[in-house]
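Please treat every number below as a calculation from the coordinates, not as lab data. Because the structure is predicted, anything quoted here is derived from the model rather than measured. So basically every Cβ, Gly included, is an ideal-geometry build from the backbone, and we count neighbours across all protein chains shown.
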Amino acid sequence: MKPRLLQLLLLGLLLSIRSSGSAPLQTKTGGFVLQRDEGEVLAVRNGEVVIKVDPSTGSPRLAMGTQTLRPGAGIDVHLHEQEDEILFVQSGAGVGVLGEGRTPVEAGATIFIPHGVWHGVENPEGAVSLVWVVSPPGLESFFRESGSPPGAEPKTLSREQVDDIRRKHGMRVKPK
């Protein structure tokens, strides 16, 4: 890669990371440490996503981030054609949908979703904060394409446009 292009890519990554005033701790092995308020922040239709780890930050085999769901917004029942996913409930409570089952979940609950399995989250009573991990990466690309940086004009996408972006990234929404 040309040095100038690499510099521009790195500058873009650094500008997209919300920082608490300190730079992420990076190691010689390529690892790094991000604090609670660091990561690539995106406003999405049901709340906020913060991408913490993905191929652009040096992780070719998995992606990880957080997602805060506004009260009642939930996550539509969908599946990933390629990615296995783990959802960890950090705070709040709701209902985890996995296959045909529905289970109450609260802070501390973990949901493992193999690729190809329908899943979602309902949170009718209040906000829910989740940690998500997918392998291989891919979910973060969906969030980048459908979301907006905070403070930017929110993307106004039709349901059909969102579904097209989902299909592009190997996701399908369960018909109602």
Hey, rough spin-label estimate for Glu125 and Arg172, points 7 angstrom out along Cα→Cβ, what's it come to in nanometres? 3.4 nm
Could you list Lys155, Lys52, Lys176, Lys168 so that the one with the fewest beta carbons within 10 Å of its beta carbon is first and the one with the most is last? Lys176, Lys168, Lys155, Lys52
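Once you sort the root eigenvalues of the Cα gyration tensor of the stretch 100-176 as a ≥ b ≥ c, which label holds: rounded (a/c under 1.5), prolate (a/b larger than b/c) or oblate (the other case)?
Verdict is prolate for the stretch 100-176.
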Assign unit charges at the C-beta atoms only (+1 for Lys and Arg, -1 for Asp and Glu), then state the dipole size of the stretch 120-176 relative to its Cα centre in Debye, rounded to the nearest 20. 260 debye
Need one word for the stretch 28-163: rounded, prolate or oblate. Basis is the Cα gyration tensor (sqrt eigenvalues a ≥ b ≥ c); a/c below 1.5 gives rounded, then a/b vs b/c decides. rounded
What ranking of Arg172, Arg36 emerges when the number of other C-beta atoms within 10 Å of each C-beta is taken as an exposure proxy, fewest first? Arg36, Arg172
State, to one decimal in nm, how far the label point of Phe32 lies from the label point of Ile86, with both points 7 Å from Cα in the Cβ direction. 2.1 nm
What dipole magnitude, in Debye to the nearest 20, does the stretch 35-136 give about its Cα centre under +1 on Lys/Arg Cβ and -1 on Asp/Glu Cβ? 100 debye
